[in-house]
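J.: Structure incoming, see below.
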Amino acid sequence: MTREIVSTARPSMLRLVGFLTLTTGGLMISLGSLLPWAKVPPFDTPIRGTDLWEGIVALGIGVVVLVGMLTMRLMATPAARRAVAVALVGLGLSGAIAAADAVRGDARFTSPGQRDRIARELATELHLPYEEVRSRLAAVYEERFHVSLQPGLFMVVAGGLLAATGGALSVAWAARAPPGHVEPERIGPGDDVRS
């Protein structure tokens with residue numbers, strides 16, 4: 001059986017749309033994880049996706065989605081393609097980790113570990129002692145403030161939804177019999193197998 005990726009036949013609409021949504025979703029997840037996810041007052045310090053474990057996981061998911069999409073096209077059997085496509089749906093849905101960060105933004109992006117990282121960056125940038133910057137930040141966090149969520153976070157969420165959709169379309173594509181494929185006849189009890 002000719003592998004789909006090297007086939008010169010025109011792809012079906014289902015295959016093409018699945019390919020495009022998977023590719024777009026994987027790229028959006030990958031790029032979004034490298035962009036800022038939030039800006040934290042008082043100095044609007046950016047927190048990039050890869051500053052958090054969730055962003056590192058999202059970057060890995062984006063890469064795996066892109067590799068999985070290519071791997072699925074190389075699979076020789078519909079069952080193998082379907083298995084990879086189902087895995088891609090799951091990977092796309094795991095983009096919900098970014099959505100969870102968006103929902104709990106104030107708490108997530110101002111956790112003590114993030115405060116320490118921000119204080120170190122600001123101390124270096126402002127040429128001030130770390131302890132002084134850290135105590136000023138602590139005072140600011142006691143006041144009312146709001147973390148500003150950035151486009152990178154939403155790009156990861158949207159990319160995850162696209163990847164899950166592309167995976168679902170690929171499941172449907174993998175379930176279809178290839179052109180010219182003839183199902184073998186089933187032999188029932190009492191059938192004469194001699195010809």
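J.: How large are Rg and Dmax for segment 17-138 when only the alpha carbon atoms are used, in Å?
T.: Using the Cα atoms of segment 17-138, the pair Rg, Dmax is 18.9, 63 Å.
J.: Thr45's amide H: which non-local residues (gap 5+, or another chain) put their own amide H closer than 5 Å, with H modeled 1.01 Å from N in plane and none for Pro or chain starts?
T.: Val40
J.: Further question on the same structure: Loop only per DSSP, at most 16 neighbouring Cβ atoms within 10 Å: give me the chymotrypsin sites (Phe, Trp or Tyr not before Pro) in segment 78-147, ordered by residue number.
T.: Counting only loop positions with at most 16 other Cβ atoms within 10 Å, the chymotrypsin sites (Phe, Trp or Tyr not before Pro) in segment 78-147 are Phe145.
Each value in this text was obtained by applying a stated rule to the coordinates, not by laboratory testing. Since the structure is predicted, the reported quantities are computational estimates derived from the model, not experimental observations. Every residue, glycine among them, receives a Cβ derived from its backbone with ideal geometry; neighbour counts consider all protein chains shown.
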